[in-house]
Amino acid sequence: MRLIKAILLLGLVVALAWGSDEERKLEAAFLGRFASYIDWEAKSKEYFIITLIDENPFGSILNNLYIDKRIKGKPVLVRLVRKVEEIGLTDLLFITLNTQKDRLEAIRYAQEHSILSISESRGFAGSGGIIQLNFVDQKIRITINHDAATRSGIKIASPLLSVATVLQRGKP
């Protein structure tokens, strides 16, 4: 079963995206896929909560994708907040904050509250974020900061680590 999941995940990683809307759809699907390879303390007993901070680059894609799906056996709730103080209860935090100072504040909050932090910001994983997503030549690239995950009390399964660039002690 794990081998099948790893093959499916690898297939997604090398899949070509065709335009930013398709990239967003692929990225939205990855958010749920990542959760299946991660163990951490559940925040809510009722919902798997995805919180976007600052902007929602997905538009209605996340809500449409997860309206009738479950992550970790729970229905999905997607929230948008503007400030770190508004994050509250969440399992996954997608960070779109523009300044390094604001991103670092959100990363610190996520680490302190065992929240899976994800962003497409350049240098995100190197700054203590857990998963950085980027599209390069129409292929998705995943960078994982393993030390940050460990500090946050988050365990990442080896199939996900095997398809990513893994930073340990700040180095690939």
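The values are calculated or read from the model by the stated rules, or taken from the named source; none is laboratory data. Bear in mind that the values here come from a model prediction, so they are computed numbers and not experimental data. Here Cβ is always computed from backbone atoms with ideal geometry, including for glycine, and neighbour counts include all displayed protein chains.
Here are some notes:
- The residues listed here are SER119, SER162; of these, the one that is of a type in the set (S, T, N, Q) and under 21 Å from ILE49 (Cα atoms) is SER119.
- Applying a threshold of 6 Å to beta carbon distances and a minimum spacing of six or more residues, or different chains, the list of pairs starting in the range 22-33 at a residue that is more than 18 Å from LEU93 (Cβ to Cβ) and ending at one that is of a type in the set (Gly, Ala, Ser) reads GLU23/ALA17; LEU26/ALA17.
- VAL81 meets the stated requirement of being modelled with pLDDT of 85 or more and in contact with a Ser or Thr (Cβ under 7 Å, 6 or more places away or on another chain).
- Unmet requirement for ALA164, which otherwise passes all of (1) more than 14 Å from the chain's Cα centre (by Cα); (2) touching a residue at least 12 places away in the same chain (Cβ under 8 Å): (1)
- Of all residues in the range 130-146 being of a type in the set (Val, Ile, Thr), within 12 Å of PHE34 (Cα to Cα) and touching a residue at least 40 places away in the same chain (Cβ under 8 Å), the one that is surrounded by the most Cβ atoms within 10 Å (Cβ to Cβ): ILE131
- Looking only at the range 102-129, and only at residues there that are hydrophobic (A, V, I, L, M, F, W, C) and touching a strand residue (DSSP E or B) at 6+ places or on another chain (Cβ under 7 Å), the one that is surrounded by the most Cβ atoms within 10 Å (Cβ to Cβ): ALA125
- Residue check, ARG151 at pLDDT below 95, charged (D, E, K, R) and within 20 Å of ARG24 (Cα to Cα): no
- Subset of the range 147-172 (residues that are buried (at least 18 other Cβ atoms within 10 Å of the Cβ) and either in contact with a Gly (Cβ under 6 Å, 6 or more places away or on another chain) or not hydrophobic (A, V, I, L, M, F, W, C) (or both)): ALA148, SER152, PRO159
- Each residue in the range 72-95 was checked for being buried (at least 16 other Cβ atoms within 10 Å of the Cβ) and touching a residue at least 40 places away in the same chain (Cβ under 8 Å), and 7 of them qualify.
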